[in-house]
1. Can you find a residue that is among the hydroxyl-bearing types (S, T, Y), on the phi < 0 side of the Ramachandran plot, without any contact (Cβ under 8 Å) to a residue 12 or more places away in the chain and assigned to a helix (DSSP H, G or I) anywhere in region 295-311?
2. Residues being in a helix (DSSP H, G or I), without any contact (Cβ under 8 Å) to a residue 24 or more places away in the chain and either among the polar types (S, T, N, Q) or in contact with a Lys or Arg (Cβ under 9 Å, 6 or more places away or on another chain) (or both): count how many of those fall in region 43-62.
3. From the list A65, A40, exactly one residue is in contact with a helix residue (DSSP H, G or I) (Cβ under 7 Å, 6 or more places away or on another chain) and without any contact (Cβ under 8 Å) to a residue 24 or more places away in the chain. Which is it?
4. Report, by residue number, each residue of region 336-364 that is within 19 Å of G211 (Cα to Cα), in a helix (DSSP H, G or I) and either at pLDDT below 85 or not aliphatic (A, V, I, L, M) (or both).
5. Mind counting the residues in region 247-272 that are within 17 Å of the chain's Cα centre (by Cα), part of a helix (DSSP H, G or I) and of a type outside the set (S, T, N, Q)?
6. Any chance region 243-257 includes a residue that's surrounded by fewer than 15 Cβ atoms within 10 Å (Cβ to Cβ), over 30 Å from N62 (Cα atoms) and among the hydroxyl-bearing types (S, T, Y)?
7. Would a scan of region 86-95 turn up a residue that is at pLDDT 70 or above and more than 15 Å from G268 (Cα to Cα)?
8. Evaluate the following for K191: is it touching a residue at least 12 places away in the same chain (Cβ under 8 Å), over 26 Å from the mean Cα position of the chain (by Cα) and farther than 27 Å from P281 by Cβ?
Amino acid sequence: MTSKELSIGIVRAVAILVASCLVLFFLYQITTVILYCIIAIVISLLLNPLVNFLKQRFKFRNTLAVISSLLIAFLIISGFVLLFVPLLLAQGENLSLLDVSSLEKNYHLLLENITVFLDSYNINTKQLIQSSKLSSFATFEFIPNFLNSFLSTLGSFSMGFASVLFITFFLLKEKDVLYLKFKRLLPENQKEKVLNSIQDINHLLSRYFLGLLLQLTIIMLLYLIIFIIFGVENAIIIALLCAIFNIVPYVGPLIASIVAGLLIMTSGIGSGADFATETLPTAIYVLIGMSLVQVIDNNFSSPLIFSKSTNSHPLEIFLVILIAGILFGITGMIIAVPFYTSLKVIGKEFLPNNKIIKALTKNL
């Protein structure tokens, strides 16, 4: 190799590196747009079966079917909001969420009751609180900052909602046109494999997200039954909140149990119920019931729903979520299953003779 060829190679490598850095920087700058597109893709996958149903069963034109599907989804979401807003306001009033001084008072009263209860069993609560740094929450100055941040986020929600709605509309309306344009860009020798992969991924992810909605609905109903049995106030909104936490696999149910326990105990303190004989036993019974729901979900409903929707073994899904959580945290756990399912489809299409891929994709 001559010095000229070596110089050209170095310049080419540097140019590729710089171009890659610029592309990554550009993608970082438009992270919000990418997020909007991902949300729109997920919504379009969920609504696509409804669009096809309206077109096939009621003979709707494509545009009318898309608009009707978006309108139905909007009405369902609005119905949920209108249903839960009064409950949210009532829960906020009961928990004094809008009154920082009252919340701080209830918080200290709750800590005092817990301290008295634990001291009766010779447990050193002061040392426990100091070691866990719970004393840092003794003042509630973080609440106004949190509310300001929340209102700022809420202010930008309208723009995000409009953007997602606009992108979703055209993804559903122009999916055939976009498909043809994308098809023309593909190299002829790989066109069939890429298109087959996209079709299979679209089908499996639609089933996965519908399965996820079914799972959350089942969990919410089971939580609601438990809360009603033990007389928890505003059981519907707390059950909905705890079910939403289950979007995060394995970690979400733990967070939901903690939130439910705190809400129940804080509500009990606010109502003047005796902590040792009423509030604490109710919270414990509810947490036991929620644990039983998670046993049912982890061993029956979730494996059945997700194994059927993604054609993957339950142990396979568990390991994928665990590895993604270790590598990428909560975000990784949320996207682990759809990302892994997409990789399986691509692997089966492009490397069908690989022994490992054949073993992993035999059910696809």
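1. Scanning region 295-311 turns up at least one residue that is among the hydroxyl-bearing types (S, T, Y), on the phi < 0 side of the Ramachandran plot, without any contact (Cβ under 8 Å) to a residue 12 or more places away in the chain and assigned to a helix (DSSP H, G or I).
2. 3
3. Just one listed residue meets the conditions, A65.
4. Answer for region 336-364, where residues must be within 19 Å of G211 (Cα to Cα), in a helix (DSSP H, G or I) and either at pLDDT below 85 or not aliphatic (A, V, I, L, M) (or both): P338, F339, Y340, T341, S342, K344.
5. So the count comes out to 7.
6. Within region 243-257, one or more residues are surrounded by fewer than 15 Cβ atoms within 10 Å (Cβ to Cβ), over 30 Å from N62 (Cα atoms) and among the hydroxyl-bearing types (S, T, Y).
7. no
8. Details: touching a residue at least 12 places away in the same chain (Cβ under 8 Å): no; over 26 Å from the mean Cα position of the chain (by Cα): yes; farther than 27 Å from P281 by Cβ: yes.
So K191 fails the test.
The values are calculated or read from the model by the stated rules, or taken from the named source; none is laboratory data. The shown structure was predicted, so the numbers you read here are calculated from the model rather than taken from an experiment. Positions of Cβ are backbone-derived with ideal geometry, glycine not excepted, and every protein chain shown enters the neighbour counts. Just the protein is used for accessible areas: all its heavy atoms, side chains included, with ligands, DNA and RNA removed. Shrake-Rupley method; radii C 1.70, N 1.55, O 1.52, S 1.80 Å.
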